[in-house]
Amino acid sequence: MTSQPDHVAVVFESGPQRVLARVSGEIDMDEAPGLREELTAALEAGDTGLDVDLAAVTFCDSAGLHVLLDLDELAAQAGKTLVLTALSRPVARVLHLSGVERVLTVRPPVLWVEHRRYGPTVHLAPVGRLDESTGAVLEEATAGLADVDVVACDMQDLTLMDVTGLDALIGFARRLDARGIAFFAYNWQPQPRGLLDLVDQQYPQTERPTRLLRRLQDFATAVRTAGAARAASEPRTRPGPGRAGPERLRPGV
C-alpha cells in the first residue's frame, strides 16, 4: 500500500506482527495531519506495533515531532510499541535538539558527526550518543582527513557515552596521533566527562588511557597552574622612596 501526499510519500509493508512504514519527503504543518491519520491506521493494523523508517525524510518541523509523540502515546495506550528504525540527518537533529530522542524508541541509537574543514584543520562535532552501536560512525569521519594537521572535536552535543563508545573514541584519537595529527576535544558534557574521570581513577596519571582526549584540558590546567605559581612568586609592588600613593582629598576640597 502506497500513499503519496503533495510532499510526503509513505510505503507500508505488513509483517506477521508489525507494520513497517517508510516515510520520505517533507513533514511540515501541512502534511502532518494526513501523515498522522495514515500512521495511526497502520499502528492499529499491527498486532504488536508500528516501525517507522524516516531515513528518506528531508525536512521535519515541530508538527512532525507531534505526530511521532502522539503515535507513541497511542501505542502505549494500546499495549503496543512505536519504534523508529532509521532516521535521516534532519530528523535526527530535530529529535536531538528538542530532547524527543530521549522519549521515543530509536533503534539503533543515533550518532552523526558534523564535519567542517579550514585548511589543514578539521572541526568535528559528534551529535547524539556514542555507544557500541554507533562507534563505527567515527571510522566514517576519517574519510576526509587527508593532508590534515589538527582535528578539533567539539563535544557539546555528545549527550551520552558508554564504555564501548569511549573505547572507540580513544582508538580514533590514537589512530590520528599515529598519523601525526593533533587531536583536541573540548566542551565535554557532564555524563561523558564523568565517564572519563571514572576510568582515569583506575590508572596512574601518567598512564591515563584518556590522555589524548584531555590534551586541551591538560594544557589549559598547566597554563593556569603556571600563571598562579608565577603570580605567587612575584613580590607585590609597593610605592618606592619619593613615590607617594594616591593623594587623598582633604575634606572641603
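Can you confirm whether region 145-167 contains a residue that is of a type outside the set (V, I, T), within 18 Å of R89 (Cβ to Cβ) and out of contact with any helix residue (DSSP H, G or I) (no Cβ under 9 Å at 6 or more places or on another chain)?
Within region 145-167 (the criterion being of a type outside the set (V, I, T), within 18 Å of R89 (Cβ to Cβ) and out of contact with any helix residue (DSSP H, G or I) (no Cβ under 9 Å at 6 or more places or on another chain)), the answer is yes, since at least one residue qualifies.
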Among D154, D162, which is the only one that is closer than 21 Å to L97 by Cα, more than 12 Å from the chain's Cα centre (by Cα), among the acidic types (D, E) and not assigned by TED's automatic domain parsing to the domain that holds T85? D162
Show the residue pairs that are 6+ apart or on different chains and have beta-carbon atoms under 8 Å apart, the first residue being within region 30-56 and within 18 Å of T81 (Cβ to Cβ), the second being aromatic (F, W, Y). A42/F12
Cβ-Cβ under 6 Å pairs, at least 6 apart or on other chains, region 2-17 side more than 12 Å from D51 (Cα to Cα), far side modelled with pLDDT of 80 or more and of a type in the set (G, A, S): P5/G34; H7/G25; V8/G25; A9/S24; A9/G25; V10/A21
With the structure loaded, tell me whether G194 is surrounded by fewer than 16 Cβ atoms within 10 Å (Cβ to Cβ), outside any loop (DSSP other than H, G, I, E, B) and not charged (D, E, K, R) or whether it fails that test. yes
Members of region 77-92 that are closer than 16 Å to V106 by Cβ and either modelled with pLDDT of 95 or more or touching an Asp or Glu at 6+ places or on another chain (Cβ under 7 Å) (or both): T81, L82, V83, T85, A86
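This table checks each residue for (1) in contact with a Leu (Cβ under 7 Å, 6 or more places away or on another chain); (2) of a type in the set (S, T, Y); (3) at pLDDT below 80; (4) within 27 Å of H96 (Cα to Cα).
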site: F172; (1), (2), (3), (4): yes, no, no, yes
site: L176; (1), (2), (3), (4): no, no, no, no
site: R179; (1), (2), (3), (4): no, no, no, no
site: L195; (1), (2), (3), (4): yes, no, no, yes
site: P209; (1), (2), (3), (4): no, no, no, no
site: A229; (1), (2), (3), (4): no, no, yes, no
site: P235; (1), (2), (3), (4): no, no, yes, no
Residue tally, condition out of contact with any strand residue (DSSP E or B) (no Cβ under 7 Å at 6 or more places or on another chain) and either without any contact (Cβ under 8 Å) to a residue 24 or more places away in the chain or not in a loop (DSSP other than H, G, I, E, B) (or both), over region 114-137: 4
Single condition L169 does not satisfy, out of (1) in contact with an Asp or Glu (Cβ under 6 Å, 6 or more places away or on another chain); (2) part of a helix (DSSP H, G or I): (1)
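For (1) buried (at least 17 other Cβ atoms within 10 Å of the Cβ); (2) of a type outside the set (A, V, I, L, M); (3) over 27 Å from G128 (Cα atoms), each residue gets a yes or a no:
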residue	(1), (2), (3)
R18	yes, yes, yes
G49	yes, yes, no
F59	no, yes, no
L68	yes, no, no
If we keep just the residues of region 139-153 that are over 13 Å from R215 (Cα atoms) and either of a type in the set (K, R) or surrounded by 15 or more Cβ atoms within 10 Å (Cβ to Cβ) (or both), which is modelled with the lowest pLDDT? T142
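The values are calculated or read from the model by the stated rules, or taken from the named source; none is laboratory data. Please read these numbers as outputs of a predicted model, since none were measured by experiment. Virtual Cβ from ideal backbone geometry, glycine too; neighbours counted across all protein chains shown.
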